[in-house]
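The structure appears right after this line, and notes come after that.
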Amino acid sequence: MSKNKEIANLEKKLKADLDKFESARIKCGIIGRSGVGKSSLINAIVGEYIAEVGEVETTMEVGKPIDHRGLSFYDLPGCSTINFPKEEYLETFNISHFDCVIVVTADRFYEDDLYLIDELLKIKMPVFAVRTKIDYSIDRALRRDISEEETYNTVLNDLEQNLKGYRLKGIYLTSADYPQEYDLGQLLDDIYSSLGRIKQQRFVADINITSQKILSKKKELANKIVGMHSALSAVNGVNPIPGLDVGVDISLLTRMGVHVRDIYCLGGEQQHFIMDLLDKNNAKVLTAKALQFSVKYLGKDAIMLLLRRAGATVAAKSASKYFPFIGIAISSTVGFFLTSTIGKDMVKDAESIATENYNALKSLKINRDA
């Protein structure tokens, strides 16, 4: 096989791999009674207001998913209602085609919930049991001088007895107002483990940063995305950069920047979500840093400036580096080094801002002096 043919095949494979990642979709059913906090749970999972929150039942238009990039949530009512008899529930909502189901309560699971869980387990559906609003229970208990730890353990033990004998993926206590506290991070990590490889990558890209483990997974994915775009840049340079004897696809770098921004939850809607949880002064500082990331790395003029700055450094380096990810020594092209250099800076800056966001949210605590 000629070298040109080999490079063409490589380009085709890289594009196909990137397309698989971008087109992957995870379907997640969220099942529970009205008022248990399903919409708030969805918003906490993605770190953005994508589901309308309200005490009135809003799950009647059940065929329409709530989408967030590669995630599709199906907010479904409890079974055994007039409209949705339990015997027809799984077939009515085509649940066998979901990737997982989260059953949600704000207190305990009742007979119809347990029936549904049993039916889901029969079709080998990954089922995750979530008890929302744990912060409300803790707050009330603190007012009676009952410790947070005691309340948490009591609620968890009650649920474990409630669900005894059901082979669930896990039982999780969560809070929409404190998404970095309690068990939301563990829930997301366990859902991740239940998915296939491509869907795992898509899931990590699109969820909120609720634990250090998720933050680490996001860094790993962001570096992989940068590697793929750098390799594509090496075989697909089209736009000459003034002052440099090299062509780089500007749209490819923009695409890479958008992926890194979104992986680290630095978009405008996600920053708005963070602002509502933090005090205004702290939130404004963090939001300004996220905006600065977009100004620095997104947009044609910004990328051209970065390329010219990076070009002076890259041009001085040896062009003999071999990149094992590719398998052939085309990584010596300046286009690869330029894209890789900028991509690494993107990840470094995004990681720093996202870590600040996470630490600020993690520091939120229920007011113990109330």
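Annotations
- Screening GLU160 against (1) assigned to a helix (DSSP H, G or I); (2) of a type outside the set (Ser, Thr, Tyr); (3) touching a residue at least 40 places away in the same chain (Cβ under 8 Å) leaves a single unmet condition, (3).
- In the range 329-370, the residue that is modelled with the lowest pLDDT out of those that are over 30 Å from ASP139 (Cβ atoms) and out of contact with any helix residue (DSSP H, G or I) (no Cβ under 9 Å at 6 or more places or on another chain) is ALA329.
- Scanning the range 246-282 for residues that are farther than 24 Å from THR341 by Cα and without any contact (Cβ under 8 Å) to a residue 24 or more places away in the chain, we see that the one that is surrounded by the most Cβ atoms within 10 Å (Cβ to Cβ) is GLN271.
- Reported count of residues in the range 177-193, each being among the small types (Gly, Ala, Ser) and surrounded by fewer than 17 Cβ atoms within 10 Å (Cβ to Cβ), is 1.
- The residue that is nearest to GLN180 (Cα to Cα), among those in the range 90-144 that are in contact with a Lys or Arg (Cβ under 7 Å, 6 or more places away or on another chain) and of a type in the set (Phe, Trp, Tyr), is PHE128.
- Total residues in the range 80-114 satisfying the condition of being under 17 Å from ARG167 (Cα atoms) and not charged (D, E, K, R): the figure is 8.
- Some residue of the range 250-261 being aliphatic (A, V, I, L, M), at pLDDT 95 or above and in the same structural domain as GLU149 (by TED's automatic domain parsing): no
- Flag for LYS217 being assigned by TED's automatic domain parsing to the domain that holds SER352, assigned to a helix (DSSP H, G or I), of a type in the set (D, E, K, R) and farther than 30 Å from LEU307 by Cβ: no
- Considering the range 134-171, the residues that are under 16 Å from ARG108 (Cβ atoms) and aliphatic (A, V, I, L, M) include one that is surrounded by the most Cβ atoms within 10 Å (Cβ to Cβ), namely ILE134.
The values are calculated or read from the model by the stated rules, or taken from the named source; none is laboratory data. In this text the structure is predicted, and so the values were computed from the model without any measurement. Please note: Cβ atoms are built from the backbone with ideal geometry, for glycine as well, and neighbour counts cover all protein chains shown.
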